[in-house]
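A short worksheet on the structure shown next.
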Amino acid sequence: MLDIRLIREQTETVRTRLRQRGGDVWTLVDEVLSLDESRRKAETEKQALQSERNRVSKEIGFAKKQGQDTSPIEAEMRTIGDRVDALNKEAADLDARQETLLLSIPNLPHEACPAGASAEENPEVRVWGTKPVLAFAPKDHVVLGTELKMLDFEAGVKISGSAFVVYRGAGARLERALINFLLDLHTTQHGYTEIAPPLLVKPEALVGTGQLPKFEDQLYACERDGLYLLPTAEVPVTNLHREEIVDPAVLPICYAAYTPCFRREAGSAGLGTRGLIRMHQFDKVELVKICLPQDSMEELEKLTANAERVLQLLGLHYRVIELCTGDIGFGSAKTYDIEVWAPGQGTYLEVSSCSNFGDYQSRRMKLRYKDAETKKNLFPHTLNGSGTALARLFVALVETYQQADGSIALPPALQPYFGAAEIRNPS
RNA sequence: GGAGAGGUGGCUGAGUGGUCGAAAGCAACGCUUUGCUAAAGCGUCGUAGCUCAAAAGGUUACCGAGGGUUCGAAUCCCUCCCUCUCCGCCA
């Protein structure tokens, strides 16, 4: 969340930057400021009374020891107590309202975030490789996966409903090979520590990373237990250090985690999309970083490069785009999306979104570090990016490496993980 | 799920109604002494809010969480949560 002091002291800047996101969130600035003013007024008044009460209470203690009758003062203090209670309620109420409001205000886009109204204005940053040229009409992954008995969409529907899939045989094995390949790459080559987190998380964790309170309708909830299925490993992994004061010497902290991700995709336009493109459950390897504020932009570049490395090693053509102010996510200050080419789709698919959240998440989750010089507790910056999403990587992979005879030739990097060089029809 | 024990500052641990944000020890940091190390001495050493132009200072809150009793609560009462041990169940 945004620092209320920043809103107070640099109101115009905050308003302007929020405005760049589009919509009308910027209008919440005035609301939060007026709430803040009443809150502080109530607080100050309350504290003056409490101070008075503390002082007199001590005097009563002394007087009683000397055997004096203190009942008149006590009666007087009772009325002060009542006023304190009332003011306390008022202050607590205003504080809660301010907190709620602050939690629903998105992050400020960074100066380095390109201005723009919508996805159409996202600039392309770079392109790697070229679109593969096939000597035949490419099949899409649904056809390929079904023919090779790797993907069973009907079974997914039977067991769990639409937008669920069953991987089987070589498909299940390929998925597992990809997971291992990605984790090994990031842990042994890029210096990330592997994490295997719980898949059910508390609401506090989701507030910390920004999914709650605003996006509850996108989450699967286990109401009996007050837990949610995670929509991304970003949630448990970033929250590993929630409410901690970390030693700056250990920064940057770099974590890599494989987890399934669960998303309701309520109201999502693409939910009817054919195949694996948009599922309620999909696998993902997520990269998370916690670093010093001055390092976060450089870390974002590294993080993005680490995710790109996946596609390079797999020989998949991709492009990197930068999200403009009108398109970046709720908590993000700057985001790169990596889109891989899928020949069967004839389009680019987003397989990674790498974001610098600045101190937006760490403030929400009270994650801090003690500054070596000033000894003050400051908020570190958090980042995360997919490294990468598996389902769409699967799509790009089988569609790119499909052969004229309907088999799939796997790229060399994956062969040791898969245990074979190609996937053929098992029958 | 059943029974019991317990939750106090980075850690250990004292504190059963008043001057306690909290003794003491350890750890950490700074200074002094010291050829280095070690040791000793002195000092500093929680978090958040409000106030203040800022710093200093002042002030409030926080002893698992939330309520209650009281002029006054770490301390008394209630509810909840968590941890540990044992039993049951279980991958």
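The values are calculated or read from the model by the stated rules, or taken from the named source; none is laboratory data. Treat the numbers as computed from the prediction; the structure is a model and nothing was measured. Neighbour counts are summed over all protein chains in view; Cβ atoms, including those assigned to glycine, are modelled from backbone coordinates with ideal geometry.
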Inset, instruction - Determine whether the range A:44-51 contains at least one residue that is within 16 Å of RNA strand B (Cβ to nearest atom), closer than 30 Å to A:PRO213 by Cα and not assigned by TED's automatic domain parsing to the domain that holds A:GLU301. - result: yes
Legend entry - Single residue of A:LYS289, A:LYS302 found to be in contact with a strand residue (DSSP E or B) (Cβ under 6 Å, 6 or more places away or on another chain) and farther than 28 Å from A:GLU154 by Cβ: A:LYS289
Inset, instruction - Output yes when any residue across the range A:121-131 is among the hydrophobic types (A, V, I, L, M, F, W, C) and at pLDDT below 95, and no when none is. - result: no
Inset, instruction - Kindly check whether there is at least one residue in the range A:357-372 that is away from RNA strand B (no atom under 16 Å from the Cβ), under 28 Å from the mean Cα position of the chain (by Cα) and within 24 Å of A:LEU311 (Cβ to Cβ). - result: yes
Inset, instruction - Return a yes/no flag: does the range A:215-229 have any residue that is under 16 Å from the mean Cα position of the chain (by Cα) and either outside the structural domain of A:ALA396 (by TED's automatic domain parsing) or without any contact (Cβ under 8 Å) to a residue 12 or more places away in the chain (or both). - result: yes
Inset, instruction - Could you tell me which numbered condition A:ILE179 fails, if it satisfies all but one of (1) touching a strand residue (DSSP E or B) at 6+ places or on another chain (Cβ under 8 Å); (2) assigned to a loop (DSSP other than H, G, I, E, B)? - result: (2)
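Residue by residue, here is whether (1) over 30 Å from A:GLY346 (Cβ atoms); (2) within 11 Å of RNA strand B (Cβ to nearest atom); (3) loosely packed, with under 12 Cβ neighbours inside 10 Å holds:
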residue: A:ASP36; (1), (2), (3): yes, yes, no
residue: A:GLY67; (1), (2), (3): yes, no, yes
residue: A:ALA92; (1), (2), (3): yes, yes, no
residue: A:HIS110; (1), (2), (3): yes, no, no
residue: A:THR130; (1), (2), (3): no, no, yes
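Each row is one residue, and each column tells you yes or no for (1) surrounded by 12 or more Cβ atoms within 10 Å (Cβ to Cβ); (2) within 9 Å of RNA strand B (Cβ to nearest atom); (3) assigned to a helix (DSSP H, G or I).
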| residue | (1), (2), (3) |
| --- | --- |
| A:LEU2 | yes, no, no |
| A:VAL29 | yes, no, yes |
| A:VAL32 | yes, no, yes |
| A:PHE62 | no, yes, yes |
| A:ILE73 | yes, yes, yes |
Legend entry - Close pairs from the range A:28-46: first charged (D, E, K, R), partner within 7 Å of RNA strand B (Cβ to nearest atom), Cβ under 8 Å, at least 6 apart: A:ASP36/A:ILE4
Inset, instruction - Assess whether A:GLY326 counts as being in contact with an Asp or Glu (Cβ under 8 Å, 6 or more places away or on another chain), assigned by TED's automatic domain parsing to the domain that holds A:ASP371 and in a loop (DSSP other than H, G, I, E, B). - result: yes
Inset, instruction - Identify, from the list A:ARG55, A:ARG83, the residue that is over 30 Å from A:GLU9 (Cβ atoms), more than 9 Å from RNA strand B (Cβ to nearest atom), in the same structural domain as A:GLU9 (by TED's automatic domain parsing) and modelled with pLDDT of 85 or more. - result: A:ARG83
Legend entry - Residue that is surrounded by the most Cβ atoms within 10 Å (Cβ to Cβ) [pool: residues in the range A:374-395 that are within 16 Å of RNA strand B (Cβ to nearest atom) and more than 21 Å from the chain's Cα centre (by Cα)]: A:ASN377
Inset, instruction - Only one of these is over 18 Å from A:GLN402 (Cβ atoms), assigned by TED's automatic domain parsing to the domain that holds A:ALA409 and assigned to a helix (DSSP H, G or I): A:GLY191, A:GLY208, A:GLY171, A:GLY145. Name it. - result: A:GLY208
Inset, instruction - Can you tell me which residue within the range A:240-254, out of those that are within 11 Å of RNA strand B (Cβ to nearest atom) and either part of a loop (DSSP other than H, G, I, E, B) or among the hydroxyl-bearing types (Ser, Thr, Tyr) (or both), is farthest from the chain's Cα centre (by Cα)? - result: A:ASP247
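For every residue, the table says whether it meets (1) within 36 Å of the chain's Cα centre (by Cα); (2) not acidic (Asp, Glu).
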| position | (1), (2) |
| --- | --- |
| A:ILE60 | no, yes |
| A:ASP69 | no, no |
| A:LEU87 | no, yes |
| A:ALA91 | yes, yes |
| A:HIS110 | yes, yes |
| A:THR130 | yes, yes |
Inset, instruction - Tell me which residues, restricted to the range A:7-27, are within 12 Å of RNA strand B (Cβ to nearest atom) and either within 24 Å of the chain's Cα centre (by Cα) or of a type in the set (Gly, Ala, Ser) (or both). - result: A:ILE7
Legend entry - Pair list, Cβ under 7 Å, 6 or more apart: the range A:365-380 residue in a loop (DSSP other than H, G, I, E, B), other residue surrounded by fewer than 12 Cβ atoms within 10 Å (Cβ to Cβ): A:MET365/A:GLU243; A:LYS366/A:GLU243
